[in-house]
Amino acid sequence: MKQLRVLSILSLSFVLICITQGFTQAGPKRVIIDTDPGADDAMAIILALNSPELRVEALTVVPGNVDAQQGLENALKLVSLAGRCDVTVAGGAQHPLNQKLITAQFWHGKNGLANVELPPAKCKKDPRFGPDLIIEMVHKYPHEITLIPVGPLTNIALAVSKDPSIAALVKDIVIMGGSITGGNVNGAAEANIYNDPEAAQIVFNAGWIVTMVGSDAGERTLMTRKYLAQLQTSHGPQSDFIAQIADFYLTRSEKSGYGGAAMYDPLAVGIALDPTLGTLEKMHVDVETKGEFTRGETVANRRGSSENNVLHGDHYEIEGVVDLKPNAKVCLASDADRFLQLFVSRIRGK
């Protein structure tokens, strides 16, 4: 009897570990990464491809850090480097919904990949349009797909606008974007949301719960020389490439006065992999699309309600409050060291 109790406890522990780490009886989490490859995108993608908790079904490419053509080329080179031509790679939107594209070679290098020249891609692009591919895969695997957009939200907005039913069929959506404590583009806005605020507004109001891993969380999760040194102790095509990317990204950040390189996109993948890596709180988040100084700001309501102002003659009076339904789980903090150790170990092939 005692042995049976021990076995039961061990079985329960195994189940809890599987749930925490993203495994189910059906296997790892199916994910689609929507990306604008960029340096931190590359780190996020290689992390995902080397994490057994995740099954990367597709990369869909959105313009952001680089233009759409460069982004598609980078995505194909990344899956080729990883030997993962089984991962579908498709191009998507060519520009934001309602403004001109802002690219970020300043932070990511001329080619978006820290000026590291990877071998020509062996993998081929899928001819389907990225948003259509997202719709198709969500219907193929209902309640199984986790979307991980780590660039502007243009492709996701196009997909959910064309087929609103996917909002109820997606298992989860974990975005790298937004901030509730000020921006990294200016005083208000984070770069991915700033690059397409109208798309972000659509995504936050699509009827699902968005897990928001903002720039404020990323900026407290820093790649430093300590972790870079650990990366550099192992050698192989992927680890050497990521070490070069990290060195470039870290050097650029240090020159700009930062104590390390913010792990924006990799952290979003980490939290999709293991939500306990972040402290998440439900809130209602709106996206500012009109403000002169606040366009692109993600405005989080921590109270869960707003005052109800009712017109009386020539003035309004407060008549109680209106409850707001949460549409997001906002990452307030990360377990930075645990995440970075995980990142380093996965890139090193451990």
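Taking the criterion of being surrounded by fewer than 24 Cβ atoms within 10 Å (Cβ to Cβ), at pLDDT 95 or above and part of a helix (DSSP H, G or I), would at least one residue in the range 173-189 satisfy it?
Checking the range 173-189: not a single residue is surrounded by fewer than 24 Cβ atoms within 10 Å (Cβ to Cβ), at pLDDT 95 or above and part of a helix (DSSP H, G or I).
Looking at the range 263-298 only, could you name the residues that are among the small types (Gly, Ala, Ser), in contact with a Phe, Trp or Tyr (Cβ under 8 Å, 6 or more places away or on another chain) and farther than 14 Å from Thr181 by Cα?
The answer is Gly270, and nothing else.
Can you name every residue in the range 178-201 that is of a type in the set (A, V, I, L, M) and over 17 Å from Pro63 (Cβ atoms)?
Passing the criteria: Ile180, Ala188, Ala189.
Can you pull out the residues in the range 106-115 that are modelled with pLDDT of 95 or more and surrounded by fewer than 19 Cβ atoms within 10 Å (Cβ to Cβ)?
Lys110, Asn111, Asn115
List pairs: first residue in the range 251-262 and farther than 18 Å from Asn115 by Cα and touching a residue at least 60 places away in the same chain (Cβ under 8 Å), second residue aliphatic (A, V, I, L, M) and surrounded by 13 or more Cβ atoms within 10 Å (Cβ to Cβ) anywhere in the structure, Cβ distance under 7 angstrom, at least six positions apart or on different chains.
Partner pairs satisfying both residue conditions: Ala262/Leu222.
For the range 126-146, indicate whether the set of residues that are under 13 Å from the mean Cα position of the chain (by Cα) and touching a residue at least 24 places away in the same chain (Cβ under 8 Å) is non-empty.
yes
Among the residues of the range 235-259, which ones are over 30 Å from Asn98 (Cβ atoms) and surrounded by fewer than 17 Cβ atoms within 10 Å (Cβ to Cβ)?
The answer is His235, Gly236, Pro237, Asp240, Thr251, Glu254, Lys255, Gly257, Tyr258, Gly259.
Looking only at the range 299-349, which residues are under 21 Å from Ser179 (Cα atoms) and among the polar types (S, T, N, Q)?
Asn301, Ser305, Ser306, Asn327, Ser334
Residues Lys100, Lys162: which one is of a type in the set (Lys, Arg), in contact with a Pro (Cβ under 8 Å, 6 or more places away or on another chain) and within 22 Å of Asp196 (Cβ to Cβ)?
So the residue among Lys100, Lys162 that is of a type in the set (Lys, Arg), in contact with a Pro (Cβ under 8 Å, 6 or more places away or on another chain) and within 22 Å of Asp196 (Cβ to Cβ) is Lys162.
Search the range 202-211 for residues being touching a helix residue (DSSP H, G or I) at 6+ places or on another chain (Cβ under 8 Å) and not in a strand (DSSP E or B), and hand back the single one that is surrounded by the most Cβ atoms within 10 Å (Cβ to Cβ).
Among residues in the range 202-211 that are touching a helix residue (DSSP H, G or I) at 6+ places or on another chain (Cβ under 8 Å) and not in a strand (DSSP E or B), the one surrounded by the most Cβ atoms within 10 Å (Cβ to Cβ) is Val203.
The values are calculated or read from the model by the stated rules, or taken from the named source; none is laboratory data. None of the values given here were measured: they were computed from a predicted structure. Heads up, the Cβs are rebuilt from the backbone with ideal geometry, glycines too, and the neighbour counts pull from every protein chain shown.
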